[in-house]
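There's a structure below that I have some questions on.
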Amino acid sequence: MIWLVIGIAVWCAVHFIPSLARGFRARMIDRFGEKQYKLAFALAILASVALMVVGWRTAAFWDVYNPPEWGRPIASALILIAFLLFALAHSPTNVKRVLRHPQLTGLIVWAIGHLLANGDILSVVLFGGLGVWAVAEIVLINRREGAWVKPEPVPISAEIRPVLIGVLVFVAFFAAHPYLFGVSPMGDGG
């Protein structure tokens, strides 16, 4: 479990640097350059993910709560929404006129979906931890960047490609979930 917690802590610490450690960030960029800073940032994130994977695979499993029976179907719908928000966040879309942070909002939705479907300690730590991080990150980014200036509207057709990508990636992850993560999103019998 400790590796999972360390992985989440590293993920959070690295992502909080632009908001909470601007001076440190500036010194690192001055000393090593923008490219090297970004490379170190990316490597630290990859290391945090590796620690989370090792932590997940080696930690003891026990139930914290019994998820509701309706949790799994609702979770699937929420995770589809999360994938759509991730895809829509990377293009000029009208979603960005409604949500200031569609990708972080998608991560929160993803975390909630998993917590509705899973009541074990590993899920609480991983999905709960990343969900809390995403909320904190939204607060910190908003504080750092100030007032939100909504982007100009775009034609509805701009939403089609990201939505299709989001749906296709969701379907691929849904189908591959048992092989990638050892658990069927349909439940024990699915």
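Mean separation of Cα pairs under 8 Å and 6+ residues apart, divided by the residue count of segment 36-151: what relative contact order is that in percent?
28
Could you sort 35, 150, 96 by their accessible area in this structure, using a 1.4 Å probe and putting the largest first?
Working: 35 165, 150 110, 96 55 Å².
My answer, sorted largest first, is 35, 150, 96.
Right, here's the next one. Within the set of other residues whose C-beta is less than 15 Å from the C-beta of residue 149, count the net charge using Lys and Arg as +1 and Asp and Glu as -1.
+3
Quick one: pull the percent of accessible area on segment 51-166 belonging to carbon and sulfur, 1.4 Å probe, ligands and nucleic acids left out.
69
Then there's this: Please give the calculated 222 nm ellipticity per residue for the chain, where each DSSP H segment of at least 4 residues contributes -39500 (n - 2.57) and the sum is spread over every residue; nearest 500 deg cm²/dmol? Intermediate values should be presented prior to the final figure.
On the way: 8 runs with 132 residues, N = 190.
Result for the chain: -23000 deg cm²/dmol, rounded to the nearest 500.
So what's the net charge close to residue 29: Lys and Arg +1, Asp and Glu -1, counting the other residues with Cβ under 15 Å from its Cβ?
Values: positive: 22, 25, 27, 31, 35, 38; negative: 30, 34.
So the environment of residue 29 carries a net charge of +4.
Let me ask another. By accessible area of protein heavy atoms, probe 1.4 Å, what ranking do 46, 80, 104 get, highest first?
Sorted descending by solvent-accessible area, the residues read 46, 80, 104.
Next up: Quick check on segment 27-135: take the gyration tensor over C-alpha atoms, sort the square-rooted eigenvalues as a ≥ b ≥ c, and tell me if it's rounded (a/c under 1.5), prolate or oblate.
Oblate is the answer for segment 27-135, as a/c is 1.5 or above yet b/c matches or exceeds a/b.
Accessible area per residue of segment 38-84 at 1.4 Å probe, in Å²? Mind showing how you got there, number by number?
On the way: 3130 Å² over 47 residues.
Each residue of segment 38-84 exposes 67 Å² on average to a 1.4 Å probe.
Tell me which DSSP H helices of the chain clear both cut-offs, 27 Å or more of axial length from alpha-carbon atoms and a mean Kyte-Doolittle hydropathy of at least 0.0.
Qualifying helices, which must be both long enough and hydrophobic enough, are 34-58, 160-181.
The values are calculated or read from the model by the stated rules, or taken from the named source; none is laboratory data. These figures come from a predicted structure and were not determined experimentally. No Cβ is skipped: glycine too gets one built from the backbone with ideal geometry, and neighbour counts run over all protein chains shown. Remember, those area values only see protein heavy atoms, side chains included, never the ligands or the DNA or RNA. Shrake-Rupley method; radii C 1.70, N 1.55, O 1.52, S 1.80 Å.
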